[in-house]
Amino acid sequence: MKTRAIVFSLFLAVTVFTFTNCGGKKESESHDHGSADSAASHDDAAVADATEPQFSVDAAFQQQLAGVFKAYVSLKDAFVASDAAKVKAEAETTQKALAAADMKLLTGAAHNDWMAHLGSMESALKEIISASDIEAQRKSFSALSDSFYKSIKAFGLGGSTVYYEFCPMAFNNEGAYWISDAEQIRNPYFGDQMLTCGSVKEKLK
């Protein structure tokens with residue numbers, strides 16, 4: 001009887017921990033099965049409204065950045081699938097899209113801001129491509145996401161709405177962000193282990 005009580009107590013503790021850190025099963029189900037309205041209502045208190053980009057730039061550059069985002073989403077999906085080989089291939093595609101963004105379309109402070117983030121994005125992608133371990137790739141993906149988020153905030157994507165999302169349990173509860181084209185949570189840091197762990201923090205355009 002004592003053994004059963006101990007096992008039950010441990011199970012209860014794990015359940016409470018999961019609810020505290022990731023919102024628990026009910027919140028996950030709202031992302032998986034609820035309507036768009038119900039999913040949005042779950043995050044209303046925490047989600048920041050979309051704001052105008054910091055810089056007014058050539059629409060051509062925004063479209064190029066949107067191309068980087070499209071490649072990034074495919075990379076994120078490869079992480080959700082926990083497929084290291086697919087991650088490497090999608091990182092190479094993202095790397096090419098990033099190289100195609102023409103910095104000559106930017107001037108002054110906008111150009112300086114882009115250069116401040118470009119190096120870290122390039123480095124993160126190189127690290128993802130060279131790594132064979134999915135967890136090492138995920139660490140570099142977090143760095144990529146942080147810099148890419150700042151770039152989207154600065155320049156915009158020409159009107160597309162994207163979602164800045166957060167998992168509090170990534171990297172031993174340090175937490176990590178990613179960017180998605182959908183409000184529905186699909187966690188790239190855990191994949192199937194905790195697919196819906198996380199929440200939307202901000203909407204970007």
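Observations
- Just one of (1) farther than 22 Å from VAL80 by Cβ; (2) of a type in the set (A, V, I, L, M, F, W, C); (3) at pLDDT below 95 fails for LEU106. It is (3).
- Number of residues in the stretch 115-166 that are over 12 Å from ALA91 (Cα atoms) and out of contact with any His (no Cβ under 6 Å at 6 or more places or on another chain) equals 33.
- If the condition is being under 14 Å from MET121 (Cβ atoms) and over 14 Å from the mean Cα position of the chain (by Cα), then the stretch 154-180 contributes ALA154, PHE155.
- So GLU183, is it within 14 Å of the chain's Cα centre (by Cα), of a type in the set (Asp, Glu) and either at pLDDT 95 or above or surrounded by fewer than 22 Cβ atoms within 10 Å (Cβ to Cβ) (or both): yes
- Qualifying residue in the stretch 41-61 (condition: assigned to a helix (DSSP H, G or I), at pLDDT 95 or above and of a type outside the set (Ser, Thr, Tyr)): yes
- One residue alone among SER132, SER140, SER123 is of a type in the set (Ser, Thr, Tyr), without any contact (Cβ under 8 Å) to a residue 24 or more places away in the chain and exposed (fewer than 15 other Cβ atoms within 10 Å of the Cβ), and that residue is SER123.
- Options TYR149, TYR189; residue that is outside any helix (DSSP H, G or I), aromatic (Phe, Trp, Tyr) and crowded, with 18+ Cβ neighbours inside 10 Å: TYR189
- Restricting attention to the stretch 83-120 and to residues that are not in a helix (DSSP H, G or I) and not hydroxyl-bearing (Ser, Thr, Tyr), the residue that is surrounded by the most Cβ atoms within 10 Å (Cβ to Cβ) turns out to be ALA101.
- Filter pass, LEU204 being more than 11 Å from the chain's Cα centre (by Cα) and surrounded by 19 or more Cβ atoms within 10 Å (Cβ to Cβ): yes
- Failed criterion for ASP32 (all others in (1) farther than 25 Å from ILE152 by Cα; (2) in contact with a Ser or Thr (Cβ under 8 Å, 6 or more places away or on another chain); (3) modelled with pLDDT of 50 or more hold): (3)
- Matching option when the condition is assigned to a loop (DSSP other than H, G, I, E, B) and aliphatic (A, V, I, L, M), among LEU125, LEU157, LEU144: LEU157
- Unmet requirement for ALA91, which otherwise passes all of (1) in contact with a strand residue (DSSP E or B) (Cβ under 9 Å, 6 or more places away or on another chain); (2) among the hydrophobic types (A, V, I, L, M, F, W, C); (3) under 24 Å from CYS197 (Cα atoms): (1)
The values are calculated or read from the model by the stated rules, or taken from the named source; none is laboratory data. Everything quoted here is computed from the prediction, not taken from an experiment. Here Cβ is always computed from backbone atoms with ideal geometry, including for glycine, and neighbour counts include all displayed protein chains.
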